[in-house]
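Accompanying notes for the structure given below.
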Amino acid sequence: MHLASGVDPHLADLSNKLIYSAMAVYLIAMFAHMFEWTFGSKGAVAVRSAEQANLAETVAAANEPAKAAKKVTVTVASASGGTTTLTRTALADAGATVVTSGRDEAEEIDGPGAAGTSEKGDLAGRIAVSLTVLGALLHAGAVLTRGLSVMRWPWGNMYEFSCAFGLTMVLAYLGLLAAKKKVRWLGLPVMVAVLLILGLAVSVLYTDSEQLVPALHSYWLAIHVSTATICGGAFYAAFVATLLFLGKDRYDQRIELGLTTGPFNTPASIWQRLPAAGSLDKLSYRINAMVFPLWTFTIIAGAIWAEAAWGKYWEWDPKETWSFITWVAYAAYLHARATAGWKGRKAAYLALLAFACWLFNFYGVNIFVTGKHSYAGVG
Amino acid sequence: MSDTRTRPPEDVTDAEAERLSSAPAESDSPTGIGVLGWFRWMWRQLTSMRVALVLLFMLSLAAIPGSLIPQNSQNSFKVETWKAAHKTVAPIYDKLQLFDVYSSVWFSAIYILLFVSLAGCIIPRTWQFVGVLRAKPPAAPRNLTRMPVYAAWHSDADAGAVNAAAYQRLKKRGFRAHLGTGAVAAEKGYLREVGNLLFHFSLFALLAGFAWASLGSGQGGKLVIEGQGYANTMTQLDDFTGSAFYTSEDLDAFGFKLDGFTARYQTTGDQIGTAREFTAHIRYWKGEDDTKLTKGDIQVNHPLEIGGSKVFLIGHGYAPVVTVKNAKGEIVYAGPTAFLPQDSNLTSTGVIKVNDYGEKDGRKTQLGFQGYFLPTAPDDFNKTGPISLFPADAKPMLVLTAWAGDLGTDSGLPQNVYQLNTQHLTQLKQDGDIARARLTPGQGWTLPDGYGTITFDGYQQWASFTVSHRPGNAVALLGAVCAILGLIGSLFVQRRRIWVRATPTADGRTLVEVAGLARSESAKIAEELADLAVDLQDDAPATEDDPPVPAAAEPEAAESDPTSPADPNSKE
Ligand code: HEM
């Protein structure tokens, strides 16, 4: 890789300003999400009936006799023992319409989201998302100018890596929203996380924008570190989903026991508005399963880089060791779900453990353990 | 599956139809009697998922201590320091092989067991899967309503024609389909199983690659001063670790000369002194003929491959050049001596051993110098001691003390070239104090007591290299790539079955039933089935009346319900 020498101090300075601006905007977005949750707590009860009214409407529409209509009702046995049906109608002129209706009382229903049915809450949520977009733009600008200031990939030390990692997380969340997935309830945890990550980055991990040490002069830096960043963001998202699953699951259990609050006496309205436990569980599994091959690739890319730099693929350097531990932990999680048939809480605990390994690998190993991966630029 | 034996034969085929993975079934108690029975049971336990899971878990736990305790394989010096600081626990740790975790008996035991388990699991699975590929998709179960996804309607179309049409439609959708008597059986998504097997096999390829590498690799270190050369032989290497099939006899024939070394450092900001570029400029030859030289550069991250070995740039430093004259004024030592860096600003320490000093006062004498080389010396280091302020040579200085006597180099015992054995040496004194000189390039020092002079002529740079011969890389890499591909197939492909059965009913119409089975992580099968059914209604239009209601689950069906298999471990 060819590097232009020198640093453009104006761009580096701009990058720092942009990071602080992004943090400020994220902070306001976080407050907006808090308002969303607060307002939403009032209208939460009305949800189920509204949703069901909606369902009934569509079912009626689908049942309307139309010429040349083809209609199929598929009975689906769900894991919990109940059944649901899926009705598909193809009209001669229109496209296919799918209607899902919960016939079985036991079937889980996803909550309506943080805003509940409150219009004020919804407005707050929309404002929060707009602010998040603005924050992400500033944040992306910061990462970009940081890279431009030294004409290289902007993830050469832990500060830069943290900034990039925070950005991928926010972008992943916004991407899901753009794909019309109902994930606005993720907004608050994502804002809290990105503020923590950036806060730690600017306070503890900060270093000036500079050229790289020779050990990092490699195109593997771009490959290995960028995939590691993506994995980090995704593992984090799966972690949030897992935690919420555990909370929601406990809430369901408590409701069955006749209690009226969520775990740690949290208000029930929070949990009512979240997706069903099963949906959260599935979400965390999907994300973890999706990231695992990429994480595998990241480790292999790292090994190839290590060979180029030090002559050995694998030396059990602390960073390598913890990447391996993290990999095995996630492998155990996938294995448990695929073969041992662990679903629900047991698998969720495994996922939490695996994420803890990842966290330790990123922060713990860089800060507390010395090894060859001394790119951190801290301490 | 032992429990299938007690069922009627139709139930066996039904159970077959409901099995969507080649994962082996598990049994919980010893079967058969005697040693063989126990052995079989133990083998089955070892190759079970539960144990595989436990072993995986243990492997990650076992890897932890090695990341927290210094390891011999990485830094034996650090291990020694650690041992000295923890005198009480060190022997216990030693016994437990905690300084060599990754080659320890217990760590090896875990991964060997894991791989034995893997082999015991994967080989039968492969055979079974080959069997699946050669057989027709499992025939439709008698009672399709029991399948997880199900739809049915009445039609006036001919049953045989509907089945044939369904067969064609399934084929077009990429299913492996079979038109049996009165029903169609179809299956898709074999890539899941292929991927899964490929992934697990690749783990073996990875292991084989690493094993080959550790049996056939060798690695040596060499420090070369600018202007000097190196030939890849045992006598010239500073150190060498070989392996069973790559010993000091097998070293690849080549050599190189170090023409120069470029180092660049950050000169401003809070990362001042941090390295920005290291490049060793060399000319090398392959084989025995050292006259045909090729130019090459070696940088960190960019090793040079020369004739079966890779040469890596590992470190660099300074070698002060001195000339020593004895009491008679004869030159007894001249040239560069490598000093070893102690910190990131290249404060370097070293010794100069003058073996051939000759005689002084009628006695055979040797001289030893011990000191520091500072590339950028501070103006005044009375407070800081001899510390370099910057790694580049902005203000070079050589700080020396001198010893006279017997260096011990003639004893025949191996000697550390970077240390003085002061047992038979006396330190030279001046005015009652230790004689000490701070020299800038070109300066000389007249030694006390008429021992002669030493002149600091200048300095050169040196670079240290690792010469590594490592086979098996391609195998490991191939294994890694296959593992990822396999994993993607295994995680993202759904294996599923669809059955279609059109049967004439008593009232002269046709009952069309479609049913599907997939693993429970995905709801897609319902949609796929609905799509197919909607398409199939082109061939078998539904009659106006209500679709037939699925028969209520028969009481005895509960126990063999596909969504709760009798055997919890073979959960689909
Ligand atoms: C070297 C250690 C092993 C690792 C890292 C590993 C990793 C994995 C991973 C990540 C999966 C998930 C892929 C999927 O969901 O399909 C998986 C699935 C599986 N593994 Fe392993 N595994 C190992 C050893 C074993 C052993 C010893 C066995 C047999 C006892 C085994 C049998 C299976 C089976 C049957 C599946 C699921 C197949 C299916 O989904 O149909 N694995 N493994």
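The values are calculated or read from the model by the stated rules, or taken from the named source; none is laboratory data. Predicted model only: the values in this text are computed from it and were never measured. In this analysis, Cβ positions are derived from the backbone assuming ideal geometry, glycine residues included, and neighbour counts consider all displayed protein chains. Note: areas computed on protein heavy atoms with side chains; ligands, DNA, RNA excluded. Shrake-Rupley method; radii C 1.70, N 1.55, O 1.52, S 1.80 Å.
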Averaged over B:59-69, number of beta-carbon atoms from partner chains that fall within 10 Å: 6
Sorted peptide list for A:261-271, B:126-136, criterion being average Cβ within 10 angstrom, highest first: A:261-271, B:126-136
Neighbouring partner chain Cβ atoms per residue of A:327-338, average, 10 Å criterion: 5
B:Tyr318 long-range amide H proximity, modeled H, under 5 Å: B:Phe339, B:Trp462
If the convex hull is drawn through the Cα atoms of the range B:317-466, its volume per residue in Å³: 123
Positive-end extreme of charge dipole, chain B - chosen from B:Ala327, B:Thr510, B:Ala62 (charges on Cβ): B:Ala327
Under the Karplus curve 6.51 cos²θ - 1.76 cosθ + 1.60, θ = phi - 60°, whole-Hz ³J(HN,Hα) for the range B:499-512, x wherever Gly or Pro sits: 10, 10, 9, 10, 10, x, 9, 4, 7, x, 9, 10, 9, 9
DSSP H segments from chain B that extend 15 Å or more along their own axis, Cα-based, with Kyte-Doolittle mean of -1.0 or above: B:34-46, B:49-68, B:105-134, B:159-172, B:190-216, B:473-492, B:524-536
Debye, to nearest 20: dipole size of the range B:328-402, +1 on Lys, Arg Cβ, -1 on Asp, Glu Cβ: 220
Efficiency of FRET from Cβ geometry, B:Thr294 and B:Ala135, R₀ 35 Å, rounded to 0.05: 0.05
Chain B pair-distance distribution - Cα-Cα, 20 Å bins, rounded %: 15, 31, 22, 18, 11, 3, 0
Label-reachable residues, the range B:476-511, where backbone N falls under 20 Å from a point 7 Å from B:Arg173's Cα toward its Cβ: B:492-503, B:511
Rounded to whole Hz, the Karplus (6.51, -1.76, 1.60) HN-Hα couplings of the range A:151-167, x for glycine and proline: 6, 8, 5, x, 9, x, 8, 5, 4, 5, 4, 4, 4, 5, 5, x, 5
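Determine the total buried accessible area between chain B and chain A, counting protein heavy atoms only with a 1.4 Å probe; round to the nearest 100 Å².
5900
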Label-point gap, in nm, between B:Thr81 and B:Phe240 - each point 7 angstrom along Cα→Cβ: 3.0
Cα-projected label distance for A:Leu176 with B:Gln128, points at 7 Å along beta-carbon direction, nm: 3.5
Solvent exposure of the range B:217-311 as accessible area per residue, Å², 1.4 Å probe: 49
Sequence-distant residues sharing a close amide H with B:Gln430 (under 5 Å, placed H): B:Ala435
Surface share of carbon and sulfur [accessible, 1.4 angstrom probe, percent] for the range B:217-311: 48
Kirkwood Rh in Å, taken over all unlike Cα pairs in the range A:154-305: 17.3
Principal semi-axes in Å for the range A:215-262 [√(5λ), Cα gyration tensor, largest first]: 43, 6, 5
Mean residue ellipticity (222 nm) of chain B, computed from DSSP H runs ≥ 4 via -39,500 (n - 2.57), nearest 500: -9500 deg cm²/dmol
Cα shape, the range B:20-134, gyration tensor, a/c 1.5 rule: prolate
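If you average the sequence gap of Cα pairs under 8 Å that are 6 or more apart and divide by the length of the range B:20-134, what percent do you get for the contact order?
32
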Net dipole in debye of the range B:217-311 [+1 Lys, Arg Cβ; -1 Asp, Glu Cβ; about Cα centre; nearest 20]: 320
Fully extended contour minus Cα-Cα distance, from A:Asn265 to A:Val204, at 0.36 nm per residue: 18.5 nm
Signed unit charges on C-beta, dipole axis of the range B:217-311, positive-most listed residue B:Gly308, B:Gly260, B:Ile225: B:Gly260
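Counting only protein heavy atoms, what percent of the accessible surface of the range B:20-134 is carbon or sulfur at a 1.4 Å probe?
Here carbon and sulfur together make up 72 percent of the probe-accessible area.
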The range A:282-288 - phi-based ³J(HN,Hα) in whole Hz, Karplus 6.51/-1.76/1.60, Gly and Pro as x: 5, 4, 5, 4, 4, 5, 4
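Over all residues in B:490-502, what is the mean tally of Cβ atoms on other chains that come within 10 Å of each residue's Cβ?
Averaged over the peptide's residues, the number is 1.
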With all protein chains modelled, accessible area of B:Cys482 [1.4 Å, Å²]: 40
Dipole magnitude of chain B, debye to nearest 20 (Cβ charges: Lys/Arg +1, Asp/Glu -1, about Cα centre): 1060
For B:Leu425, distant residues with modelled amide H under 5 Å away: B:Asp406
Three-way shape label, the range B:198-295, alpha-carbon gyration tensor, a/c 1.5: oblate
